Structure formats: structure tokens, C-alpha cells
Amino acid sequence: MLHADLSPTLLRELTELAASLARAAGDEALAGRRSIPTGNHVDHDTKSSATDPVTEFDRAAERRIVDGLIAARPDDAIVGEEGANRPGTTGIEWHVDPIDGTVNYLYGRPEYAVSVAVVVGDPTTAGAWRPVVGAVANPETGQVYHAYDGGGAYLRDEAGERRLTVTSVQDAAMVLLATGFGYEVEVRREQSRALVEILPAVRDIRRGGSAALDLCTVASGVVDAYAERGVHLWDIAAGWVIAGEAGARVLTWSGGPDRPLGILAAPEAVADALLELVARAFTGARRDPLG
Ligand code: IPD
Ligand code: CA
């Protein structure tokens with residue numbers, strides 16, 4: 001990836017583009033979900049395992065975002081969860097999760113989101129790439145979280161726009177920790193083993209079902225911190241910027257940009273203690289930190 005020249009003006013423009021595309025794709029996904037009676041699942045195919053669904057609405061949302069990006073930024077690269085893969089020449093790479101929280105979407109649960117991010121840097125070198133713009137839209141609530149590098153994190157909804165800050169928790173034992181679980185049996189085995197270490201050491205655990213929203217809840221103080229092993233960059237890239245700009249320390253480890261195996265986002269005061277805990281709980285959590 002080339003080095004992109006990222007002025008605050010450009011970052012702001014990219015953030016607005018990300019937010020408006022996430023919002024528009026989310027509105028379509030919401031209309032799709034509402035066309036199906038409550039209690040009925042959305043028809044779906046499966047991906048990495050029998051429990052990993054993809055619906056026609058995931059694909060349509062990705063198409064809509066990709067079309068919008070190509071129209072506005074034809075020379076940028078694009079990577080999407082549902083297969084979008086377009087090389088670029090600008091050093092700007094968009095990472096798109098068209099519906100993060102697809103299982104919730106399937107069941108008609110309101111915690112799902114559209115996540116759109118910009119990543120820059122050299123993906124072949126650990127620590128040499130980073131997300132710099134993120135927008136996460138929750139179609140069910142009409143909320144859009146957004147942030148860019150150095151610009152603060154914000155939540156936009158019908159009441160207007162407000163700046164986000166992480167909680168002031170001081171003690172890791174008092175942390176309300178969001179986490180998530182993957183779709184593959186081996187990944188879940190390790191996640192279960194990790195929970196045995198983590199659950200007794202914190203206030204409690206929350207499993208919302210969308211990594212992108214988990215990171216936004218860290219930013220808005222609705223949980224204290226978030227840790228998960230087994231995420232993809234499209235799940236976390238936008239939320240990473242949003243949580244970071246709201247004051248969280250965000251650390252990822254292992255795997256390279258296509259599959260960073262783990263992420264921890266936590267307020268500074270508890271970040272070291274949680275990192276110790278997560279490193280004990282998840283195999284290899286401290287090896288090869290990327291950021
Ligand atoms: C999943 C969600 C979930 C997380 C998984 C992700 P998807 O993404 O973010 O919360 O625990 O690791 O794969 O499949 O709903 O887009
Ligand atoms: Ca996802």
C-alpha cells in the first residue's frame with residue numbers, strides 16, 4: 001500500500017463519506033429486515049461454519065457501499081467481508097463490514113451495524129498500518145458513530161451530535177467487559193478457556209453480537225472495555241478508530257491485517273491490567289503486537 005497524504009480536511013471528507021454510505025446501506029438492510037415478520041429468520045447461506053450466516057441483505061449492503069466508494073473515490077482500494085476486493089493506487093484502503101452482527105440480524109435482534117473504515121500503511125509489516133477513519137451505523141437506533149485520527153469520536157442521532165469518552169474506571173476488577181465468539185469450533189474452544197480466566201477477574205461480561213458496536217460501546221461508556229480473539233479487520237477497523245479517539249488504548253496482536261487474531265480496547269487506567277489478563281487467558285495474546 002502506498003503512503004497516503006492525510007490532511008485533516010481529507011480525513012473529515014472520508015469520514016463523512018463513510019458515515020453517509022454506512023447510513024444508507026443500513027437503512028436498506030433495515031427495510032429488508034422489516035419486510036420479514038418478527039420471529040421469522042432471514043433466508044441465508046453459510047460461510048466458515050454452519051453457524052456463520054450470510055443473507056442477500058449483507059451482499060446488497062456491500063454492493064451499495066462499494067458502488068458509492070467507486071463513484072466518489074475510484075482509485076482507492078476496497079476490501080469487503082462479502083468478497084469485495086479491489087486494488088487501488090492512492091494508499092487508501094476501505095474496509096467494509098456490510099452487516100456486522102449478522103446472527104442478530106437473522107433473528108431480528110437490534111444489535112447489528114454497518115461498518116466502514118479507512119486503513120493506511122503497509123499491510124505486510126506488523127505495526128506499519130493503521131485504521132484512520134471509521135463510521136459505524138446502527139440502523140435500528142438511527143445512531144451513527146464516527147471518528148478520524150486526531151479528530152475525536154462522535155455519536156450522531158436525531159438529538160444531534162455529541163462527543164464520546166470512555167469511562168473513568170480505575171480498577172480492572174470493576175470492568176464491564178464486552179466480548180464475542182467466533183463461528184469455528186476451535187476458535188470457540190479457546191474463547192471458552194479464556195473466559196474461565198477472565199470472568200472471575202472482572203465485574204461481568206457482555207456479549208452483544210457485533211464487534212463494531214462493542215467498540216462503539218467502549219467509546220460511549222456503555223461498557224468499560226472490549227476484548228476478543230478471532231476477529232477480522234473489517235469487524236474492528238472502524239470501531240478501533242472510534243474507541244481510540246474516545247480515549248481507549250487499542251491493542252491488536254498477531255495475524256496480519258487480514259486477520260488480526262485479537263483486540264483489546266480499554267481506558268488507559270485499566271489497559272495494562274487487562275492486557276496482563278488477556279495475555280494469560282488467550283494463547284499468544286502478547287506475541288507480535290501490532291499497535
Ligand atoms: C461477527 C460479530 C461478532 C464477533 C465475531 C464476528 P459478523 O461478525 O462481530 O460479534 O464475535 O467474531 O465474526 O459475522 O456478524 O459480521
Ligand atoms: Ca463482522
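The values are calculated or read from the model by the stated rules, or taken from the named source; none is laboratory data. Just so you know, these numbers come straight off a predicted model, no measurement behind them. Cβ placement follows ideal geometry from the backbone for every residue including glycine, while neighbour counts extend to all protein chains displayed. With ligands, DNA and RNA removed, areas are computed over all heavy atoms of the protein, side chains included. Shrake-Rupley method; radii C 1.70, N 1.55, O 1.52, S 1.80 Å.
For this structure, a couple of remarks:
- Local electrostatic count at residue 151 - Lys and Arg +1, Asp and Glu -1, tallied over other residues with Cβ under 13 Å: -3
- Of all segments of the chain bounded by GluC sites (Glu not before Pro) found in a DSSP loop with no more than 16 other C-beta atoms within 10 Å, the longest spans 1-157.
- Max-minus-min Cα coordinates of the chain on each principal axis give 48, 48, 39 Å, with the largest extent listed first.
- The heavy atoms of residue 107 present about 130 square angstrom of accessible area, all protein chains included, probe 1.4 Å.
- Using the Karplus relation 6.51 cos²θ - 1.76 cosθ + 1.60 with θ = phi - 60°, the per-residue 3J(HN,Hα) values for the range 79-91 come to 10, x, 4, 8, x, 4, 7, 10, x, x, 10, 9, x Hz, with x marking Gly and Pro.
- Fully extended contour minus Cα-Cα distance, from residue 71 to residue 272, at 0.36 nm per residue: 68.0 nm
- Scaled to the globular estimate 2.2 N^0.38 Å, the Cα spread of the range 172-281, given as radius of gyration, is 0.94.
- Projection of the Cα convex hull of the range 8-163, averaged over all directions and equal to a quarter of that hull's surface, yields 10.0 nm².
- The GNM of the chain, with springs linking C-alpha atoms under 10 angstrom apart, assigns the highest mean-square fluctuation among 114, 96, 54 to 54.
- Ordered by 1.4 Å accessible area with all protein chains kept, 220, 48, 168 run largest first as 168, 48, 220.
- Residue 35 paired with residue 49, simple spin-label distance in nm, labels 7 Å along Cα-to-beta-carbon: 3.1 nm
- From phi via Karplus (6.51, -1.76, 1.60), per-residue ³J(HN,Hα) for the range 165-177 in Hz, x at Gly/Pro: 9, 5, 6, 9, 3, 10, 10, 4, 5, 9, 7, 8, 10
- Net length available on complete extension from residue 12 to residue 122 is 37.4 nm, with 0.36 nm assigned per residue and the Cα-Cα distance removed.
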